[in-house]
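Here is the structure we will look at, set down as structure tokens.
Nothing in this text is a laboratory measurement; each read-out follows from the coordinates by a stated rule. Not measured: the values here are computed from a predicted model. Quick reminder, even Gly has a Cβ in these numbers, built from the backbone with ideal geometry, and neighbours come from all protein chains shown.
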Amino acid sequence: MSSSSDAPSTPTSSTATETLAARADHAVKIYGSGDTEVHALRGVSVDFKAGEFTAIMGPSGSGKSTLMHCMAGLDRLSGGEAYIGGVALSTLNDKQLTLIRREKVGFIFQSFNLVPTLNIRENVTLPMDLGGNKIDDAWVDEVITTVGLADRVKHRPNELSGGQQQRVAVARALATRPDIVFGDEPTGNLDSKTSAEILDFMRTAVKELGQTIVMVTHDPVTASYSDRVLFLADGQIVQEMIDPTPDSVYDTIRNLGD
Amino acid sequence: MLKLVRRGITANLGRLVLTLISVVLGVAFVSGSFVLADSLRSVFNQISEDAFAGVDAQVRAVEPEINSGETLLRFDQSVLEGIRQLPEVEYAEGGLFAFEQTYSIGDDGEVIRPQGPPVFTSSWGGPSPVSSFTLLEGTAPQGQQVALDSGQATTGGFEVGDLVTISLPIGEPEQFELSGIIDFGQGGTGGAYFLLYDLPTTQRIIDAAGVIDSIVVNGVDSVAERDLLASIDNMLPEDIEVVSGDTVIGEQQDSFGSFIDIFGNILLGFAVVVLFVSTFIIYNTFAILVGQRTRQLGLLRSIGASGTQIRIMVLLESVIIGLIASVVGLFGGLGVAWLLKKLFSSGGNSFPEGPLQILPRTIVVVVFVGLFVTVASALLPAIRASRVSPLEAVRDGGQKERSMRFRLIAGGVVLLPGLLLLALGMFGSIDSTASRLGAIGIGAALTFIGVSMLSALFAGPVAATLGTPVQLFKGVTGRLARDNASRNPQRTAATATALMIGLALITGVGVLTASLLATFDDLLEDALTADLFVYEENQGLSFSAVVVDQLRALPETDLVAGSADVEVLLNDEVTNVVAFDTDTGTDVVNYGIVEGSANITEGGIAVLDTAAGDRGLALGDTVSVQFEDGFVTDLEIQAIYDDNTVVERSWLINRRLSAQHVQLDQVDFVGVTFPEGTDVPAGRLAAETVTGNFPQLTVQDNSEFQEEVQGQVSQLQIVTTGLLVMCLIVAFFGIVNTMALSVLERTREIGLLRAVGMTRRQLRTAVRWEAVIVSVFGSLLGVGMGLLLGWAAVVAIPDSFISTTAVPWGQLVIYVVIGAVIGVIAAYFPARRAARLNVLDAISHA
Ligand SMILES: Nc1ncnc2c1ncn2[C@@H]1O[C@H](COP(=O)(O)OP(=O)(O)OP(=O)(O)O)[C@@H](O)[C@H]1O
Ligand SMILES: [Mg+2]
């Protein structure tokens, strides 16, 4: 788009031969204008390889949610480009963007993920129903069973606990076998035991099914479930850590805070 | 507190504007009814005043106790000479006036008549300002001259000085020179046509030699009005009276006034119905608004606001809305009055022109009604708001619904008396049709409220059922539409109720109309056996009985029977009886003889079975009858009949008897039969040679007559339905309102749906189908209720008027479709709004 960072882009890195699920290229996001202008992303370039579990961390207001939203086609960048499976999102109109969200992307919000009038199974199959696609019942059943809700498929969301509702959200995000799943603090509202269950499940999805997941979190323990942690500050990626542990993440945060 | 109210209003401006619209519509209709009636009254008052402004006194025959004529009684013009001799009298002129006697003939050879209003023939009443007429151009008519009103002159393309051919009641048409163009008073003729001649010419052409029906008098300036009246009165015979000019104006205004009152009250009736519908919308909006603000209200309570303060806050909001709506509605009434004028004018009637009037009374009533309706509708939601507990601030989830059991009981308490009243109106032993219909009206209102309350109980399942085909057809969007329509049954019920009432009334009118038509079909088959019908179409005016004799004289006709309405004193009571050519028996009109013979003689009378029953009369009994000329005779009951659909009175006598005792020998309907095997078109041609001399008359064969009546009935249905469409418009805004509020309430959900891949189009579809399900629910309820009401009304109305119940199935289907279409259109803006929501904003919407 119009504005882009002057740093040379590096799309062809050593990982060029591996498949990329998604990619940001000098992503810039500016909210408001004039006096109230906020630079939420200041030229973020990042690759998300297929089958990789990435955590994004950073202080409040650093632009984590903004990055996720723009990557997932929920919002548009002010500059640079976001790609899902090689498709440049800025070239798409609203309808095409909607179809990308429906078929290529899964999204887990912190809360309020479910449609109250639909039961659990219907919530999980909602994206496929919207597409009018034939539903792979066996796969849907498997996903629902894996998240441990096989006996609750006919229940409405308000009959489920918060943790159970988040599990349904995860199941829905995975059910379409999307290129990539984004989660914005998916376990942010949950106690540590419940979040551990959900994170285990996400991890399994990555390891065994080759699912790509990107998740925002504030919690070093949560981040340690991932393969790689990106640290964001003031709209820029400031550090990257492979194979994180809670302690190493905690240390990095402390160092960055100084 | 006031700050909160102000915030409450500004924060919810969009929704409140929609509420405003529903109040405004109802109020505007009330205002429009007043404005139209007041404007008409003022126009007619002005016309009456202008017409008699220059007159000090009027002399006329004393209205007899019984009088069958439609015009003033005529008297010998010698009275005029006597009055002119009086020293107190400056000027006196005799007048003569008649309906439908002479007509101007256009270039095409056809007589010129207005659509609807009558044609008057009158003598020129003297110089201005004594005359009721004002010369716009030219001079007063003298000798072989005529003056015409401007409307007629324009239609015929006549100009002063032209020779106008005029059709006369007797003899060949004659040519008159157009001496002038006139106006009645100053205010126009209300669409009627006038042909004015000097007095002798008028007397000659309408065959009224030597008689007049009124004298206008101006006194000498120095004489007081009282003295003038006294001195005239002194010289008048017993049966002639003198009244002041002001009395005449007053009488005129009263007679117009009572007509306008009826008209205005009918309009007000419709306005009340529209207001009633609005009430549901206003209630619903406030209920939703309070529901949506439950959290905020809970917060207010938890920081110390009392329940009373909350209640007052909500009521204050409604007061402000009510006030604004009333003021807007007041002026909206001008628009409604204008629209109503158009609606009625479309039926061929012309409305007199005049400025629209907003009287102080209108302002007071309209503002009061608008305020009352709004505040009363907001009362329940306000009470509910005041009961919100502080805990509600932290609890998630919507408002607590009142228990279904409470609804069941409350709904039943309202519905039961409603149904009982309906039954009472239908089957109760009430004699007066008006009371029966009154019971049905109140019963209907209660039933509407009861059904509305109870419908919340089944709105959920019914909406779900209605939505099932939508779901099958539209997949998950249909599913969402269906679920949303059934997820808040109270809201669905209240929204549907508004539509239900409108469609119920329209359906009821449809059933009544269909039943009336069906009754008429039966009637034509059984009762009207004539081949030809002759009558005056526009006003149902009487015409000379000469027509009967002339038709009878034709070789082509077999039986000819005329029917007249005659006022008599029957056993000392003023009674209208039908005078009929009973020599034709029941061959021309069959009025269902159950006992005796249809060939009533001049010494006999026939009586309707119910009237005979009421009075304990039987064949062979006698009743005493006195005619308007004072002749008294005893008549023997020779027949009892049971069908008063054509013979609209309870008594029937031989027309030969009445003809000798009425001032004007007239009939208002003639039936003709042809001998077996006669070609009806040929016979008709022959009959038209007779009626050709009476341009006001219409000749119709059996099927034309039937179409004519059907056309009139349908016209009535169109006008009534046109007025009831207001209800549908209010209901429409109700649906827009509810949908808009629901969409707003579900903003987060909509954001979520969009996030997981619902397209804008799919979202619009879902909202649209939700509205359709709600509106079809309302339509079905409405059509069902309409069937019930229509049936109730048909049963309550005497059989002599409507005897068969018929259901216009085709129309009912159309009404349900219209309901669905209303849903589609109503959903347009809310759906568009929902689709335009920004996904992220929607998701983070609190
Ligand atoms: N719709 C918006 N309009 C204006 N500014 C916004 C908007 N959304 C986010 N911002 C700003 O952009 C910046 C980045 O916000 P973002 O939500 O991405 O932060 P975050 O890293 O997700 O923070 P948190 O950890 O608190 O969720 C912040 O300064 C925020 O105020
Ligand atoms: Mg965030």
Based only on Cα atoms, what mean projected area does the convex hull of the range B:542-695 have, in nm²? 9.2
Quote the convex hull volume per residue of chain A, based on C-alpha atoms, as a whole number of Å³. 143
Karplus ³J(HN,Hα) for the range B:139-151 (6.51 cos²θ - 1.76 cosθ + 1.60, θ = phi - 60°; Hz, whole; x = Gly/Pro) runs 10, 5, x, 9, x, 7, 10, 9, 10, 10, 6, 5, x
Charge tally in the Cβ shell below 14 Å around B:Gln203, where Lys, Arg are +1 and Asp, Glu are -1, B:Gln203 excluded: -3
Just from its helices, what would the mean residue ellipticity at 222 nm be for chain A, if runs of 4 or more DSSP H residues each count -39500 (n - 2.57) and the sum is divided by every residue, rounded to the nearest 500 deg cm²/dmol? -10500 deg cm²/dmol
Considering only B:Leu199, B:Leu229, B:Thr154, whose Cα is most displaced toward the positive end of the charge dipole of the range B:139-294, charges sitting on Cβ of Lys, Arg (+1) and Asp, Glu (-1)? B:Thr154
Karplus-derived 3J(HN,Hα) from phi for the range B:593-598 (6.51 cos²θ - 1.76 cosθ + 1.60, θ = phi - 60°), whole Hz, x at Gly and Pro, runs 5, 9, 8, x, 10, 6
Work out the length of the dipole vector of chain A about its Cα centre, built from +1 on the beta-carbon of each Lys and Arg and -1 on the beta-carbon of each Asp and Glu, and round it to the nearest 20 debye. 620
Give, as a single signed number, the net charge of other residues whose beta carbon lies under 12 Å from the beta carbon of A:Val38, with Lys and Arg counted +1 and Asp and Glu -1. -1
Which one of A:Asn123, B:Ile802, B:Ser563 is farthest out on the positive end of the charge dipole of the protein assembly as shown, using unit charges on Cβ (Lys, Arg +1; Asp, Glu -1) and the Cα centre as origin? A:Asn123
Identify all lysines with a Cα-Cα distance to A:Lys104 below 28 Å; exclude those on the same chain that are fewer than 8 residues away in sequence. A:Lys29, A:Lys49, A:Lys64, A:Lys95, A:Lys134, A:Lys154, A:Lys207, B:Lys474
Top positive-direction residue, dipole computed over the protein assembly as shown with Cβ charges, set B:Thr447, A:His69, B:Val79: A:His69
Compute the helix-to-body angle for B:433-487: its Cα long axis versus the longest principal axis of chain B, expressed 0 to 90° and rounded to tens. 40
Against the empirical 2.2 N^0.38 Å scaling, what ratio does the C-alpha Rg of the range B:719-836 come to? 1.39
Neighbourhood charge, 12 Å Cβ-Cβ cut-off, centred on B:Val470 and excluding it, Lys, Arg +1 and Asp, Glu -1: +2
For the range A:110-221, just run the numbers: alpha carbon Rg, then divide by 2.2 N^0.38 Å, N being how many residues it has. 1.00
Could you go through the range B:254-262 in sequence order and give the Karplus-derived ³J(HN,Hα) for each residue, using 6.51 cos²θ - 1.76 cosθ + 1.60 with θ = phi - 60°, rounded to whole Hz, and x for Gly and Pro? 5, 5, 5, x, 5, 5, 5, 4, 4
Only Lys, Arg (+1) and Asp, Glu (-1) charged, at Cβ; the range B:567-724 dipole about Cα centre in debye: 200
Relative to the Cα centre, what is the charge dipole magnitude of the protein assembly as shown, using +1 at the beta carbon of each Lys and Arg, -1 at the beta carbon of each Asp and Glu, and rounding to the nearest 20 debye? 10820
Would you kindly give the portion of the calculated P(r) for the protein assembly as shown that falls above 62 Å, as a percent of all Cα pairs? 34
Once both axes come from the Cα atoms, what is the angle between helix A:162-175 and the longest principal axis of chain A, in degrees from 0 to 90, rounded to 10? 80
Could you state the principal axis extents of the C-alpha atoms in chain B, from the largest down, to the nearest angstrom? 97, 68, 53
Nearest 10 degrees, 0 to 90: helix B:13-52 Cα axis against chain B principal axis: 10
Starting at 0 and stepping by 5 Å, how many percent of the alpha carbon pairs of the range B:64-178 end up in each bin? 2, 9, 17, 20, 19, 14, 10, 6, 2, 0, 0
For the range B:698-778, projected area of the alpha-carbon convex hull averaged over all directions, nm²: 8.4
Just from its helices, what would the mean residue ellipticity at 222 nm be for chain B, if runs of 4 or more DSSP H residues each count -39500 (n - 2.57) and the sum is divided by every residue, rounded to the nearest 500 deg cm²/dmol? -19500 deg cm²/dmol
Can you give me the C-alpha center-to-center distance between the range B:235-266 and the range A:24-54, rounded to a whole angstrom? 88
For the range A:60-150, what is the convex hull volume of its Cα atoms per residue in Å³? 139
